[in-house]
1. Among the residues of the stretch B:210-237, write down those that are at pLDDT 95 or above, of a type outside the set (Val, Ile, Thr) and closer than 14 Å to B:Trp113 by Cβ.
2. Test of understanding: among B:Pro181, B:Pro219, which residue is exposed (fewer than 15 other Cβ atoms within 10 Å of the Cβ), out of contact with any Leu (no Cβ under 7 Å at 6 or more places or on another chain) and not polar (S, T, N, Q)?
3. Given the options A:Val128, A:Val93, name the one that is on the phi < 0 side of the Ramachandran plot, among the hydrophobic types (A, V, I, L, M, F, W, C) and within 14 Å of chain B (Cβ to nearest Cβ).
4. Does A:Thr225 satisfy the condition of being within 14 Å of chain B (Cβ to nearest Cβ) and among the hydroxyl-bearing types (Ser, Thr, Tyr)?
5. It is to be established whether one or more residues within the stretch A:153-172 are at pLDDT below 95 and farther than 22 Å from A:Arg14 by Cα.
6. Of the residues A:Tyr163, A:Tyr172, which single one is away from chain B (no Cβ under 11 Å) and of a type in the set (Ser, Thr, Tyr)?
7. If B:Arg126 meets every condition in (1) closer than 19 Å to B:Ala243 by Cβ; (2) charged (D, E, K, R); (3) over 18 Å from the mean Cα position of the chain (by Cα); (4) in a helix (DSSP H, G or I) apart from one, which number is that one?
8. Please verify whether B:Asp115 is buried (at least 16 other Cβ atoms within 10 Å of the Cβ), modelled with pLDDT of 95 or more, within 16 Å of the chain's Cα centre (by Cα) and over 29 Å from B:Leu10 (Cβ atoms), treating the condition exactly as stated.
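The values are calculated or read from the model by the stated rules, or taken from the named source; none is laboratory data. None of the values given here were measured: they were computed from a predicted structure. When we count neighbours, we look across all protein chains shown, and the Cβ atoms used for this are built from the backbone with ideal geometry, even at glycine.
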2 protein chains.
Amino acid sequence: MSDHGDMEHLGGVRALLFDVFGTVVDWRGSLITEITQITDEMGIDLPAAELADDWRGRYGPSMERVLAGSDPYVNLDTLHRASLLQLLDERGVRLSGETIERLVFAWHRLEPWPDSVRGLTRLKSRYVLATMSNGNVALLVDMAKHAGLPWDAILTPELMQTYKKNLDSYRYVISLLGLRPEQTMMVAAHPGELRMVGGIGMRTAYVPRLAEFGDSGQPVVELDTPVDVVCTDLENLADLLGA
Amino acid sequence: MSDHGDMEHLGGVRALLFDVFGTVVDWRGSLITEITQITDEMGIDLPAAELADDWRGRYGPSMERVLAGSDPYVNLDTLHRASLLQLLDERGVRLSGETIERLVFAWHRLEPWPDSVRGLTRLKSRYVLATMSNGNVALLVDMAKHAGLPWDAILTPELMQTYKKNLDSYRYVISLLGLRPEQTMMVAAHPGELRMVGGIGMRTAYVPRLAEFGDSGQPVVELDTPVDVVCTDLENLADLLGA
């Protein structure tokens, strides 16, 4: 039971926008499971966690090249495929085209954190729930069906052929919802994103996902920016917002 | 129980795209109810059905001006507001700004046909369900929450700032789903739209909604184009598609 008194300044919030990879779904654990399954089937030995981290590590730089205009826009499936091919090539690993596609589409089948479906289902009764993920529409639709995520709308910077660091993509999806930034709250496990969207007037909710990077050695990020809400998980967010 | 043998050529369909106004929701009955409620509250006498039909009648021409490039793109809420103001002005009816907005947003609160929610819920277990409506995202999201429509994705030609007669808008939303036209089926109560999208390779399902125009005197449209499926309502569509 929480006292909602300190949440009064959030009374105007109508829609919650969610970062998805890491915030709603466990990309790392899910990828490790899929890679292990494939290598077991093939009878080969590959370091699944190391591959997952390496693959994910190439995502930022490949988006940056699109944002900088040095690479043309392509969607996240296409970035994933290109970085996987590069990674396998560098490691001298050969996989069939079919296995490559199975791995690329593993991102469409990521598993939710244990609290995600229950938390979102409660929040949906009170708010419009939308994705705001670098995932492309097809990826996010498949993931929602696979994981049972009850989105009201699938929104993504793909709709303006860009990625999230471009703040215009947030402004655009907010306008599609017919709202002003202060009527929306960004929910994310990543302080950097919350700092950025706070700057355009969105409300912010931080949900630490300490297991996101597992045993990868990536240090736990500190919350180095003011946010409107800190919650332990999405069910706790529903508690805090009275949903 | 239906024999699905004749549906085998539809085995590749992955997503159903729905026309919404008239096909999924009863725009006319819902508007008449809202107008009657408002005029009762105000103690004035206005012909609700006539106003609803007149308002709806201005929608086609206003879209045509956008498609022809003679008017700039504005979303459907904005077209609805402009045509309502014009209509009231021509009839010498004066309403407050608040009442005008209540009427414009009545389009966000349209009621589903009795079979829509059950039919869509069954179809959702087997297919990706998306809107393909001239309604804007905000309108379609509000309507889905109001009416309980379980869409997987809200897609609309608003995403490319156009309206449905522009066939590129269908090609665009199909590409967002990562599909080819023949992997999608358009579900609509309007043969003209089905003829059009059949031409770009979409599969087609016709659901006659004989009550759409009620007692307006608008003649019932004949099915003057070949379609892949004719169903009596959306539950029957679920039967026919084995969902």
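1. Residues satisfying the conditions are B:Cys231, B:Asp233, B:Leu234, B:Glu235, B:Asn236, B:Leu237.
2. The unique qualifying residue is B:Pro219.
3. A:Val128
4. In short, no.
5. There is at least one residue in the stretch A:153-172 that is at pLDDT below 95 and farther than 22 Å from A:Arg14 by Cα.
6. A:Tyr163
7. (4)
8. For B:Asp115, the condition - buried (at least 16 other Cβ atoms within 10 Å of the Cβ), modelled with pLDDT of 95 or more, within 16 Å of the chain's Cα centre (by Cα) and over 29 Å from B:Leu10 (Cβ atoms) - is not met.
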